[in-house]
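The values are calculated or read from the model by the stated rules, or taken from the named source; none is laboratory data. This one's a predicted model, so the numbers in the text were calculated from it and none came from an experiment. Quick reminder, even Gly has a Cβ in these numbers, built from the backbone with ideal geometry, and neighbours come from all protein chains shown.
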């Protein structure tokens, strides 16, 4: 969670740090997640020769660093910038942002129910982290499936309901996508119009199902149909209904239609 950790980071950990002071031999870094200070030596700033350390770091900058050595007795942490890959940096920043968002959501719950943030963490946050490994992941599942997710963990009902209401409003759930190919034909004089109407009827399904349906031409008589929804169960249900509607309408108009799932 975003609550400062009381322990020390471990060797090999990636940490979020704020550059406090830059000197000729390195930079002093405040470890945001631990509220402790570390040192980034100039030799760990970049792989090549560093002519000017300020070309790489500056006061006030927030960055991702790797822990090289930890000495709790001397309260000393050695850090590295050059040993952090671009991919690892992106993943760490994303995880940190989600962690902060999760903390903000619990603070909103604290204010809504007028209970301390410590109380929210004790009765809900710690249970969520124990089950899912990270707070945001559990809150995201709650936004998708409702307060039952939390009730099963032993979270008090009033707290579970409040959390579910807030996360459903605040968390934008990633959509899943499934797709396939519709083959629609109609040899009547107005066949092109009939096919278009059948495809439009499939797209209209999204209005009542809370999903997005996209249809576009591959090469007549083949048309790609894609469904985006909050979960695969809903996506499958919408895809089935959309394709059945399109085939039913083209058949009713005197044409033929088939559907094949695709990658």
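Only one of 248, 212 is farther than 30 Å from residue 125 by Cβ, in contact with a helix residue (DSSP H, G or I) (Cβ under 8 Å, 6 or more places away or on another chain), without any contact (Cβ under 8 Å) to a residue 40 or more places away in the chain and surrounded by fewer than 18 Cβ atoms within 10 Å (Cβ to Cβ); which?
When all the criteria are applied, what remains is 212.
Among the residues of the range 123-135, is any under 13 Å from the mean Cα position of the chain (by Cα) and within 22 Å of residue 15 (Cβ to Cβ)?
Among the residues of the range 123-135, at least one is under 13 Å from the mean Cα position of the chain (by Cα) and within 22 Å of residue 15 (Cβ to Cβ), which makes the answer yes.
Look at residue 145 and say whether it is surrounded by fewer than 20 Cβ atoms within 10 Å (Cβ to Cβ), at pLDDT below 95 and within 30 Å of residue 110 (Cα to Cα).
The answer is yes for residue 145.
Quick one: how many residues across the range 181-198 are within 32 Å of the chain's Cα centre (by Cα) and either closer than 18 Å to residue 230 by Cβ or buried (at least 17 other Cβ atoms within 10 Å of the Cβ) (or both)?
Counting residues in the range 181-198 that are within 32 Å of the chain's Cα centre (by Cα) and either closer than 18 Å to residue 230 by Cβ or buried (at least 17 other Cβ atoms within 10 Å of the Cβ) (or both) gives 1.
Would you check which residues across the range 53-97 are touching a residue at least 60 places away in the same chain (Cβ under 8 Å), touching a helix residue (DSSP H, G or I) at 6+ places or on another chain (Cβ under 9 Å) and under 25 Å from residue 133 (Cα atoms) and list them?
Result: 84, single match.
Which one of these is out of contact with any strand residue (DSSP E or B) (no Cβ under 6 Å at 6 or more places or on another chain) and either in the same structural domain as residue 92 (by TED's automatic domain parsing) or crowded, with 18+ Cβ neighbours inside 10 Å (or both): 34, 25?
34
Quick check on the range 251-263: of everything there that is under 33 Å from the mean Cα position of the chain (by Cα) and within 10 Å of residue 183 (Cα to Cα), which residue is surrounded by the fewest Cβ atoms within 10 Å (Cβ to Cβ)?
260
Tell me, which residue of the range 229-244 that is in contact (Cβ under 8 Å) with a residue 40 or more places away in the chain and surrounded by fewer than 18 Cβ atoms within 10 Å (Cβ to Cβ) is nearest to residue 193 (Cα to Cα)?
236
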